[in-house]
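One structure is given here, and the rest of the page talks about it.
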Amino acid sequence: MSENVPEAAVAEYKRGFACVDGEFVPAATASVSIFDHSFLYGDGVFETIICRGGRLFALRPHLDRLWASCQYLQITPPYDQEQITAFITELAKRNELSDGYVRVVISRGEGYPVSDPRKALKPKLVISMQGAPAVTRPPGVGVKLAIASTRRTPPICLEPRVKSNNYLNHIVAKLEAIAAGADDAIMLDLEGNVAELPVANIFARHGDTLATPPSNGILAGITRETVLRLVAEGAAGPGLRVVQRVMTAYDLFTAAEVFIVGTGSGVAFVESIDGRRIGDGTMGPATERLMDAYTELLGRDGAEPDLQLTTKEA
Ligand SMILES: Cc1ncc(COP(=O)(O)O)c(C=O)c1O
């Protein structure tokens, strides 16, 4: 599995505190009602934010996306963004966390156990932290992907820009990938075009062009947006340009390099897809430069990007 989560990290995320509706409680025993509509129906939304050197990366875009997800689902956030920021800051302080991940969940809340959303009247906020890197992979080892038969949810079923607690098709796709001996899945859209991974976006390079699928039909991630900006600034190498366009498996199989991007994965190179080696099977130069530039950006003071999450198609 690509999420080679060390035992220590599992112990780590249960350590310390979580924040439930503004109360700081031990993470190991923090709980939500069995009648919570997110537990019963996946009726909730979430964000995962990376924290490096005590600094939360792109907190504002994450909270804006959380707000948009809530708005789409007609869930009223129980606290405002300033309050949530204060809770996160306090939680990081209590957990003495400087490197790790913060997860913010808003559920429709506790209600009568029927799916009628009107029966859940009080949305719930849960913030937790994970103090260790989400994914560890030895240097030089890339991600092995498999193309799953399970498709990305199309906008006519559920808008993919909503980061909801309902990721069952992503989980089934991941199970398919694991069964195929891969680390993770590539999910196609209903037309058979490349969409994204269960929790990451994908790029491929041919010559001096990087391509990534368009932002409609996927969750166009904050890391993807950051990478688009880094490429535009020349961080992937001089002369490299990036386009957002419809891509098929052919575009991945024939690429000189393929990499994935996401809050959990960072920038990671893809070694193979469906057992076919990508490029020469090692990390390509654009991936390496972008990985370094992204790592540098995370550690830089005042690097909070002003990202516009409604991207223009190239
Ligand atoms: C479906 C999906 N795509 C892409 C991403 C990557 O988004 P971000 O870079 O904002 O973490 C995520 C993150 O969890 C996701 O859930």
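The values are calculated or read from the model by the stated rules, or taken from the named source; none is laboratory data. A quick note: this is a predicted structure, and the numbers were derived from the prediction, not measured. Cβ placement follows ideal geometry from the backbone for every residue including glycine, while neighbour counts extend to all protein chains displayed.
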For the range 130-138, state whether one or more residues are crowded, with 19+ Cβ neighbours inside 10 Å, over 19 Å from ILE49 (Cα atoms) and out of contact with any Cys (no Cβ under 8 Å at 6 or more places or on another chain).
no
If I filter the range 82-91 for residues that are touching a residue at least 60 places away in the same chain (Cβ under 8 Å), assigned by TED's automatic domain parsing to the domain that holds ASP36 and more than 22 Å from ARG60 (Cα to Cα), do I get at least one hit?
no
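Using the structure shown, decide if CYS51 is away from the ligand (no atom under 16 Å from the Cβ) and either closer than 18 Å to ASN95 by Cα or in a strand (DSSP E or B) (or both). Even if it seems obvious, please write down each step before you answer.
Details: away from the ligand (no atom under 16 Å from the Cβ): no; either closer than 18 Å to ASN95 by Cα or in a strand (DSSP E or B) (or both): yes.
Judged against the criteria, CYS51 is not a match.
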Members of the range 92-123 that are within 29 Å of ARG52 (Cα to Cα), part of a helix (DSSP H, G or I) and either without any contact (Cβ under 8 Å) to a residue 24 or more places away in the chain or of a type in the set (Val, Ile, Thr) (or both):
LYS93
Output for Cβ contacts, cut-off 7 Å, separation at least six or different chains, first residue farther than 23 Å from GLY299 by Cβ in the range 51-77, second among the basic types (Lys, Arg) and away from the ligand (no atom under 14 Å from the Cβ), reads ILE75/ARG108
